[in-house]
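Enquirer: The structure is given below, and queries will be raised subsequently.
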Amino acid sequence: MAAFKCPACGESTWGSLKHCPRCGEPLIRNCPECGGTWRYIYKSAYQFCPSCGTRVEPASLRR
Ligand SMILES: [Zn+2]
Ligand SMILES: [Zn+2]
């Protein structure tokens with residue numbers, strides 16, 4: 001199973017975690033348009049929904 005890092009704190013996460021066990025950052029993004037979900041992969045969060053193409057902002061940058 002592929003490990004990847006939390007976009008907020010850099011903690012290594014794995015498996016089917018939905019939130020970072022260290023800081024609580026959501027590790028799964030949800031499209032407000034179509035409801036599609038996808039995961040963060042390392043630092044390169046998607047900027048567009050892979051399902052419908054709607055632009056989405058990285059959640060971690062809003063804080
Ligand atoms: Zn974290
Ligand atoms: Zn979408």
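FYI, it's all coordinate maths here, none of it is from the lab. As the structure is a prediction and not an experimental result, all values here were calculated from the model. Note that we place each Cβ from the backbone using ideal geometry, even for glycine, and neighbour counts take in every protein chain shown.
Enquirer: Going by C-beta contacts inside 10 Å, put Trp38, Trp14 in order with the fewest on the left.
Expert: Exposure proxy ranking, most exposed first: Trp14, Trp38.
Enquirer: Between Arg39 and Glu11, what length comes free when the chain is fully extended (0.36 nm per residue of separation minus the Cα-Cα distance, one decimal in nm)?
Expert: Fully extending the segment from Arg39 to Glu11 adds 8.6 nm.
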